[in-house]
Structures are given as C-alpha cells and as structure tokens.
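The values are calculated or read from the model by the stated rules, or taken from the named source; none is laboratory data. The structure displayed is predicted, hence computed values, not measured ones. Cβ placement follows ideal geometry from the backbone for every residue including glycine, while neighbour counts extend to all protein chains displayed.
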Amino acid sequence: MIRFKENYSLKKYNTFNIDVKARYFFEFTELEDLPFFLESNKELAGQKILLLGGGSNLLFANDFDGLIIHSNVPGVQLVNEDREHVWLEVGAGEDWDRFVEYCVLNEYYGIENLSLIPGNVGAVPVQNIGAYGVEICDFVVTVKGFDLKTREEYHISAKDCGFAYRDSIFKHELKNRFVVSSVVFRLNKFPNFKLDYGHLKAEVEKEGEINIHNIRKAVVDIRESKLPDPVLVGNAGSFFKNPVVKKELADKLQAEFKDIPTYAAGNGHVKLAAGWLIDQCGWKGYRERDAGVHEKQALVLVNYGDATGEEIVQLSEEIRKSVAEKFNVELEREVNLI
Ligand code: EPU
C-alpha cells in the first residue's frame, strides 16, 4: 500500500495532537515502493524531508513545508533461534507495545520493562527507548532500511548505531536520511529480570510471583498511574532528557537540596531527574489555556485540546529558564521540535 497526499493533516500522526499540515505526505508498507516513488516524483527532490514514525516523540511548531515519509511496514517474523535466543524481525510500522505484548505472551524475555511506551517499532532504535533500567540497544541486532542520500538499502548492525542515552546515529549523521523499514531484535528464552529501578520489584510482588507477565502488568500500572494516555491527552512522554552534570555541581545541589534524586552516570558525572527539578520549581499541574504540565509527572508537557505547538514550546522555554535559575542546570529537549 502507498499513500501520497498534499496539504495533509498531521493531527493523527503526532501524539501531541497538534493540528498542522504537511505540504507532501508519503506512506508505504513495502520498502521497494520508496525508491520507485522517489524516481517517479523527481520534482520532489529538493524538498525538505522529515521521517515520521508513530509521532510520539515530536512537536510540530508549524505546518511542515516539505515531504514527510512515513514507513509503515508491517509484520513480525521469527528469523532465527538457538537454545538460548530468538531473533525477531519486526516491521517499522508495528505498534511497539503490541510487539512487547506478543513477546510477553510467548515468554521471549528482555523487553518486558519497556511495556506501554507509545510509538512504532521504526522509531525505537532512533530514540534508543529506555525505561525501568532497560534500554533497547541491548536487544537490537540490525536496523534495516533505505538511505535517501545513496539511494541504497542497508542493514546497520547495532555496534554501528551509535547508541547512547536516548540517542543514536539516526538522530545525527543519518537524521532524516535513513528510512527504517524493519528492526531485528534478539530476545532471550530464559529470564534475566531487571527489577532494581525505583519500586519496580515491590510493584511486581503486589501482582503475585515474579514472572514476565506480572512485570508487564506492574510496568503498565506504574505508567498508567503517572503518565497521561496520549489517546486522551496529547503528549510526547518526557519532554526533556534527564540532565547529566558534573559531580561537583551535583554535590553542591545535594548539600542544598537533601532529597534531590541522583544517579551515578560514570566519568565524574551524575544524572539528575528533570521531573524532580521541574516539580521543585512549582510547575506540576500548571496550565495556561490548553498547554500544561502533567499533574502527576512534571517531565511531561500536555496538550489539553487546542494548544498550538508554539504555546507548548513557549511553556517549555519558561520551564527551562526557571530550572536554570534555581539549580544552574540546563535542560535539553528530548522531544524533537519541528
Ligand atoms: N519526580 C518528582 N516529580 C515529578 C516527576 C519525577 O519528584 O513530577 C522524581 C521521582 O519521584 C523520582 C525521579 O524524579 O525520584 C525520577 O522520576 P521517574 O522514576 O518517574 O522517572 P523519570 O526520570 O522522570 C525516566 C524516563 C522515562 C521512563 C522513566 C522510568 C527520561 C527522560 N525519562 O523518567 O521515559 O519511563 O524514567 O524509567 O529518561 C520517555 O522517555 O518519554 C519516558 C517517559
């Protein structure tokens, strides 16, 4: 299936539910349709390009005056297995959480802590999604797709993906250039649970014995209790990254603010909780017109209905300023601003 539209509304394609339009929009479900489309629409060659997955990590400030490419390749395939592992190739267009659910049902271990993260599989390696002590880079084997610059298909192995905290090569050298068609993950046939993040273990025990099904349930419960459902209230998860600062600054802050959460980040650095910093500045539950700060998690900005991208950006800038003034810490956006 392909879909090509002009002046196409993106409201359904971004979880902030911002009502903007794309000058051109192209969607495909089979990778070979992409080069064919580009060949037969040469007049689009000079257009600015944006690669769009599930739209769960971006914020449109304006209409997009260019070509949006939406890879919507379906399918989950078991491509290899040995005594300990399974290799699954998953289309970029598959819903991430449906895939996690499938793995949990089949008792393929490893990604249960990443339950209920919104978005499509294609965006998962771009963002190197992570939650509750697990990052997807530990399970990615290969990212397959098409390079718009060389016009060739590539299989990029995990070690070449430049994975780091919420970061990868797809946000830098290959940004808006490498169209992901599928991702190969390697999962375990035996459990090796990671339960040391926050109160996760206690939450799992509330569900019953410690097994993959109860871990998924606990993670879903925690996320549902703290994070707004993008279907009901527009949002893109954490709006900022958790800042990594020098240990000296962290020590100074700790002396002044006794209960500040800190996480060792190696190399004389410490990671702080952006949500805590924003919360301490009094932003939690703040609302101006339809742009606001979620009432249960200050790291999440929300669109209550008709907020514009500009309004959300403006609110985020005010938040940044107040955190910088109070803590001398610069917050960096996690959400991709278009
Ligand atoms: N906190 C507050 N007030 C708030 C929010 C947080 O005091 O309003 C405190 C919490 O009490 C806790 C600390 O800050 O001590 C950290 O909070 P939490 O465990 O909720 O996690 P987070 O650091 O805010 C990160 C990820 C989330 C991920 C969770 C769980 C980033 C930017 N965010 O949030 O990821 O689900 O950990 O692992 O790393 C996302 O990326 O969109 C996302 C939701």
Counting only helices (runs of 4 or more DSSP H) wholly inside the stretch 232-338, the ones holding at least 3 residues that are surrounded by 17 or more Cβ atoms within 10 Å (Cβ to Cβ) and out of contact with any His (no Cβ under 8 Å at 6 or more places or on another chain) are 274-280, 309-327
Check on ARG223, buried (at least 21 other Cβ atoms within 10 Å of the Cβ) and within 15 Å of the ligand (Cβ to nearest atom)
no
Please specify each residue of the stretch 286-314 satisfying the condition of being within 16 Å of the ligand (Cβ to nearest atom) and hydroxyl-bearing (Ser, Thr, Tyr).
TYR286
Residues within the stretch 96-147 that are assigned to a loop (DSSP other than H, G, I, E, B), within 12 Å of the ligand (Cβ to nearest atom) and out of contact with any Lys or Arg (no Cβ under 9 Å at 6 or more places or on another chain), tallied:
2
Show the residue pairs meeting these rules: Cβ distance below 9 Å; 6+ apart or different chains; first residue within the stretch 112-130 and over 16 Å from VAL179 (Cα atoms) and among the basic types (Lys, Arg); second residue within 10 Å of the ligand (Cβ to nearest atom) and modelled with pLDDT of 95 or more.
none
For ARG177, only one of the following conditions fails: (1) assigned by TED's automatic domain parsing to the domain that holds THR142; (2) in contact with a Phe, Trp or Tyr (Cβ under 8 Å, 6 or more places away or on another chain); (3) not acidic (Asp, Glu). What is its number?
(2)
Is it the case that VAL86 is of a type outside the set (D, E, K, R), closer than 18 Å to ILE212 by Cα and assigned to a helix (DSSP H, G or I)?
no
Is at least one residue of the stretch 175-188 within 16 Å of the ligand (Cβ to nearest atom), touching a residue at least 40 places away in the same chain (Cβ under 8 Å) and buried (at least 19 other Cβ atoms within 10 Å of the Cβ)?
no
Residues of the stretch 127-152 being buried (at least 17 other Cβ atoms within 10 Å of the Cβ) and over 23 Å from LEU195 (Cβ atoms), in sequence order, are GLN127, VAL141, THR142, VAL143, LYS144, GLY145, PHE146, LEU148
Checking the condition in contact with a Lys or Arg (Cβ under 9 Å, 6 or more places away or on another chain) and within 14 Å of the ligand (Cβ to nearest atom), which residue from LEU277, LEU253, LEU272 passes?
LEU277
Enumerate the pairs (first residue in the stretch 287-303 and free of Cβ contacts under 8 Å to residues at least 60 places away in the same chain; second residue anywhere and assigned to a loop (DSSP other than H, G, I, E, B) and within 9 Å of the ligand (Cβ to nearest atom)) with beta-carbon separation below 7 Å, excluding pairs fewer than 6 apart on the same chain, so at least 6 apart or on different chains.
VAL293/TRP283; VAL293/LYS284; GLU295/LYS284; ALA298/TRP283; ALA298/LYS284
GLY292: passes all of (1) in contact with a Phe, Trp or Tyr (Cβ under 8 Å, 6 or more places away or on another chain); (2) within 23 Å of TYR165 (Cβ to Cβ); (3) not β-branched (Val, Ile, Thr) but (2)
